[in-house]
Amino acid sequence: MSFNDDEQIVTTQDSGSKPTPIIPGRVQLLSIHNNMVPLEESKLRVMLEITGGDSTNDRPGLDLVAVLDVSGSMEGEKIAKVKTAMLFMIYKLSPIDRLSVVTFEWGAKRLYPLRQITENSQKELENLINGLNANGGTNITAGLQTGLKVINDRSLSGGRSVGIMLMSDGEQNEGGDAAKVPVGNVPVHTFGFGTDQDPVVLKAIADNSIEGTFSEVQNMDNLSIAFSQCLAGLLTRVVEDLRLKVTRYEDESTIEQVIAGSYPQSKDNADGSVTVTFGGLYAKEVRKVIVDLLLPTVTQEREADVLQITYSYSFQGSPFEANPATITVRRTGKFAEQQERPEVKIEETRLRIVNVIKEARKMAEKNELRNARDKLVEAQNSLGDVDDKSNPMVEMLASELQQLSKMMESQQIYEKQGRPFALSSEISHDRQRFTTRGDQEEGPRPFATPRMDKYLEQARSFNKEPSKPPPSVDEDVQEEITANPLAPVIGAINYYLQLAIKCLQAIEKIINRGL
């Protein structure tokens, strides 16, 4: 059966669904590195930051599929919490968005086709969700495959963003291994609900997706919050198919390694370049990439171009490629050893702590809980040596280590709480994207975006008063533009200013070489 019956978008005067000419500046690139390098063979660490611009009213429409576990174990309070979380999502979407609902138990069913969000469809969806009942087994594979089919069979797909949100509360006991289902380029975000979830499978599903995440929701009251955080990202996608390319300068540098979490990398030996593929990027979301260079010995002092950087993306189906940027350093014999930049040190600390969490989890899987706890405590103590202890990332890392240590008091506690927490933490850091885990909502929230912070408060209010719908995404955007009228154009202004500065620097370099 084909699912090509997706509803076409009926535009309205203020729907914001008209194609927008692509403009530069939807992301900003920043490089952080030391500018002075000795004449001898030396290593240089460059950190690149790519930040998503502001989300405005020109966002692409979202095609979202909610894949929901309605097996027998979901009966009672669990299914009630799912209904509340789904109603929050339904109320947030706007007429340029479409939503489909898939449920699974022994098998899977497309309960609601991909339909445009209107007043009528919202009422239909509300009635449908309120009528959900729990029964049967847990066939995650069938649910995932059906959700993917809804996305892949669409008749209208050009210029639209997509996402699947899959929630399950138990171990798969029907239909094969969902971790082996290929998902292609569709972002799949998974949610482990309750204390009997299968976090290994749910994280594996998310790992198979280029930018998917896994959130663990053991506290049933937090499902609406977890859904809201994911939705806040999906509704603020500023670019699609983001790629970063770094290229060495022949005879001036060699790229030793590129550190970019779990994002795919491709190397071109012909030109000595490495390309990192990120997928989509949310508004104000940041991707940090470390590039380690080896610079050869030189015999005289001079300026040296050591790295070329460019990035590309698409927006509403239109491609864009930025003009190349160049990293230039001064090779000098009068070199005083430089300390690593503070921003780079913090990122190095984050990467080190993430490796500790992964190692501790592997120990716990072997019943080596004492060694795992010792490793976590040692890492937590090491944060006391960090120069900027008040940095939000350092505070968050300390909080994660402390929480995970408590979850390794016994093997039973680890398997119920520690394992899902650690796996959610790992994918969050590997993707540099927020996931819900533990009691994180009360503390520092690195990787969370401003819209996620806003939706956190809205979801909390909705949990208390489900009869009072939250503001729609269109109302959120209008509030942000009113607060910052320049938001829709500031990215383009910054881009052209940076381009002008680069042109002036290039002219200055030509003049200096002529002299």
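The values are calculated or read from the model by the stated rules, or taken from the named source; none is laboratory data. Keep in mind the model is a prediction, meaning the values are calculated, not measured. Cβ sites come from the backbone with ideal geometry, for glycine too, and all protein chains shown count toward neighbours. What goes into the accessible areas is simple: the full protein's heavy atoms, side chains included, and nothing from ligands, DNA or RNA. Shrake-Rupley method; radii C 1.70, N 1.55, O 1.52, S 1.80 Å.
If every alpha-carbon in the chain counts as one equal scatterer, what log10 I(q)/I(0) does Debye give at q = 0.07, 0.10 1/Å? Once normalised to I(0) and log-transformed, intensities are -0.42, -0.83. Hey, what's the Cα Rg ratio for the stretch 305-385 versus the globular rule of thumb, 2.2 N^0.38 Å? Expressed relative to 2.2 N^0.38 Å, the Cα Rg reads 1.79. If R0 is 56 Å, the Cβ-Cβ spacing of residue 484 and residue 1 corresponds to a FRET efficiency of close to 0.75. Rg over Rh for the stretch 359-467 works out to 1.03, using Cα positions for both radii and the Kirkwood form for Rh.
Highest mean packing comes first when the peptides 232-240, 122-130 are listed by Cβ atoms within 10 Å, giving 232-240, 122-130. Computed over protein heavy atoms with a 1.4 Å probe, the accessible surface of the stretch 323-419 works out to 55 Å² per residue.
Quick note on the stretch 169-215: its Rg to Rh ratio, both from C-alpha atoms and Rh being the Kirkwood radius, is 0.96.
By its C-alpha gyration tensor, with a ≥ b ≥ c as the square roots of the eigenvalues, how is the stretch 81-161 shaped: rounded for a/c under 1.5, else prolate for a/b larger than b/c, else oblate? Because a/c hits 1.5 or more and a/b fails to exceed b/c, the stretch 81-161 counts as oblate.
If you wrap the Cα atoms of the stretch 205-256 in a convex hull and average its projected area over all directions, you get 6.3 nm².
How much FRET efficiency would the formula 1/(1 + (r/R0)^6) give for residue 411 and residue 387, where r is the Cβ-Cβ distance and R0 is 41 Å, rounded to 0.05? Could the numbers behind the result be given before it?
Numbers: r = 37 Å, r/R0 = 0.91.
It comes out at approximately 0.65.
Largest to smallest in accessible area, the residues 228, 157 fall in the order 157, 228 (1.4 Å probe, all protein chains included). Relative contact order of the stretch 296-419: 18 percent, from C-alpha pairs under 8 Å at least 6 residues apart in sequence. The count of lysine pairs in the stretch 283-385 with alpha-carbon distances below 17 Å, taking only pairs 8 or more places apart or on different chains, stands at 5.
With R₀ set to 22 Å, the beta-carbon distance separating residue 336 from residue 268 gives a calculated FRET efficiency near 0.05. Taking amide hydrogens as placed 1.01 Å from N in the peptide plane, the amide H of residue 136 sits under 5 Å from those of 72, each at least 5 positions away in sequence or on another chain. Short-range pairs are left out: with C-alpha atoms under 8 Å and at least six residues apart, the relative contact order of the stretch 135-238 is 25 percent.
Using only the C-alpha atoms, the convex hull of the stretch 30-81 corresponds to 251 Å³ per residue. Counting only alpha carbon atoms, the long axis of helix 487-514 and the longest principal axis of the chain meet at about 20°. Translational diffusion of the stretch 91-241, estimated by Stokes-Einstein from the Kirkwood radius over alpha carbon pairs at 4 °C in a medium of 1.567 mPa s, is 81 µm² per second. Charge tally for residue 250 (other residues, Cβ to Cβ under 14 Å; Lys, Arg +1; Asp, Glu -1): -4. I'd like the orientation of helix 119-130 relative to the chain: the angle between its Cα long axis and the longest Cα principal axis, in ° from 0 to 90, rounded to 10. Between helix and principal axis, roughly 70 degrees.
In the stretch 1-160, the alpha-carbon atoms span a convex hull of 199 Å³ per residue. Computed on the chain, with alpha-carbon pairs under 8 angstrom and 6+ residues apart, the relative contact order is 19 percent.
Net charge near residue 74: determine it from the other residues with C-beta under 9 Å of the C-beta of residue 74, scoring Lys and Arg +1 and Asp and Glu -1.
In short, -3.
The Stokes-Einstein estimate for the stretch 197-307, based on a Kirkwood radius over Cα pairs and taken at 10 °C with 1.306 mPa s viscosity, is a diffusion coefficient of 93 µm²/s. A crude spin-label estimate for the pair residue 256 and residue 323, with each label 7 Å from Cα along the Cβ direction, gives 3.3 nm.
Here the chain has 48 percent of its accessible surface on carbon and sulfur atoms, given a 1.4 Å probe and all protein chains in place.
Tell me the angle of helix 419-431 to the major Cα principal axis of the chain, expressed in degrees between 0 and 90 and rounded to the nearest ten. It works out to around 50 degrees.
Computed over protein heavy atoms with a 1.4 Å probe, the accessible surface of the stretch 229-297 works out to 35 Å² per residue.
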